[in-house]
Amino acid sequence: MVSLAPKKTRLVAKVSKDLHEIVSVAAELSGETLSQFIVEALTSKAREVIEREHTIRLTVEGADAVFEALENPPPINEKLREAARKFKENGGFHKTGEGNIP
């Protein structure tokens, strides 16, 4: 019978004794094992970083400029036509991990 459990891998980090003690106390206070606490903290931080990097943040003025450009686009010039041609030649938009985008 084939196991459907996901394969696990190990993360290793060397930390000072002081940091180990702080994290151990925090894990104990939260009712989690040290491993559970570390995995939860890492997961939370990783999701936060990914969300931050995938979110566009604009000032009110920046948002107004974007909406103005969308509502009243400038006339198409030769530089824009060339950029569109190159974009199309390179395959247009790709989902992350697809196409020729690293």
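The values are calculated or read from the model by the stated rules, or taken from the named source; none is laboratory data. Just so you know, these numbers come straight off a predicted model, no measurement behind them. Quick reminder, even Gly has a Cβ in these numbers, built from the backbone with ideal geometry, and neighbours come from all protein chains shown.
Couple of notes before you dig in:
- Within segment 25-50, the set of residues being among the charged types (D, E, K, R) and outside any helix (DSSP H, G or I) comprises just one member, E32.
- Candidates I22, I56, filtered to the one that is of a type outside the set (F, W, Y), at negative phi, outside any helix (DSSP H, G or I) and out of contact with any strand residue (DSSP E or B) (no Cβ under 6 Å at 6 or more places or on another chain): I56
- Boolean, L29 is modelled with pLDDT of 95 or more, of a type in the set (A, V, I, L, M, F, W, C) and surrounded by fewer than 10 Cβ atoms within 10 Å (Cβ to Cβ): yes
- Remark: pairs (first residue in segment 82-102, among the small types (G, A, S); second residue at pLDDT 60 or above; Cβ separation under 8 Å; 6+ apart in sequence or on different chains) = G99/G91.
- Filter result for G92 (part of a loop (DSSP other than H, G, I, E, B), at pLDDT below 95 and small (G, A, S)): yes
- If you go through segment 25-53 and pick out every residue that is of a type in the set (A, V, I, L, M, F, W, C) and either at positive phi or touching a residue at least 40 places away in the same chain (Cβ under 8 Å) (or both), you end up with 0.
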